[in-house]
Amino acid sequence: GFVPGLFGTSHGALQFMAYEDLKERYNKYRNRVSDTKLNTVEYITMAAVSKIFAVSATYPYQVVRARLQDQHNTYSGVFDVIRRTWR
């Protein structure tokens with residue numbers, strides 16, 4: 001589970017990337033300068049949507065990682081975990 005655990009660092013990177021992209025697109029849609037400050041509701045909305053995106057993208061990896069770390073089952077590797085989970 002250590003190697004898949006290293007991929008967990010991508011969660012924060014995906015969330016940050018999505019947040020910045022959403023903010024830029026939203027300001028462009030509103031015909032504002034890209035670094036215009038957002039109001040509280042806009043900040044919360046952008047943060048929530050970017051978090052949902054990051055969780056959706058990284059949750060399957062979390063399942064694989066947790067199952068590899070499970071001491072009660074023996075797996076022959078990542079693909080074995082995916083195959084057995086899918087089944």
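Summary of values
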{"quantity": "Area of D70 that stays accessible when all protein chains are in place (1.4 Å probe, Å², to 10)", "calculated": "50 Å²"}
{"quantity": "Percent accessible area from carbon and sulfur atoms, region 12-86, protein chains only, probe 1.4 Å", "calculated": "60 percent"}
{"quantity": "Area of M17 that stays accessible when all protein chains are in place (1.4 Å probe, Å², to 10)", "calculated": "100 Å²"}
{"quantity": "By accessible area with a 1.4 Å probe, ligands and nucleic acids excluded, highest first: order of R32, R67, R87", "calculated": "R87, R67, R32"}
{"quantity": "Label of the coordinate-derived value, mean projected area of the Cα convex hull in nm², listed as (i) 9.6; (ii) 6.2; (iii) 7.3", "calculated": "(iii)"}
{"quantity": "Full-stretch length increase - F16, D80 - with 0.36 nm per residue and alpha-carbon distance subtracted", "calculated": "19.9 nm"}
{"quantity": "Lysines whose Cα lies under 17 Å from that of K37, excluding same-chain neighbours fewer than 8 positions away", "calculated": "K23, K28"}
{"quantity": "Helix axis angle, 10-29 relative to the chain longest principal axis, alpha carbon, degrees", "calculated": "20 degrees"}
{"quantity": "Extended-chain gain in nm, criterion 0.36 nm per residue less alpha-carbon gap, V41 and S56", "calculated": "3.2 nm"}
{"quantity": "Label-point gap, in nm, between R30 and D70 - each point 7 angstrom along Cα→Cβ", "calculated": "4.6 nm"}
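The values are calculated or read from the model by the stated rules, or taken from the named source; none is laboratory data. This one's a predicted model, so the numbers in the text were calculated from it and none came from an experiment. We place every Cβ from the backbone using ideal geometry, glycine too, and count neighbours over all the protein chains shown. Please note that ligands, DNA and RNA were not included when accessible areas were found on the heavy atoms of the full protein model with its side chains. Shrake-Rupley method; radii C 1.70, N 1.55, O 1.52, S 1.80 Å.
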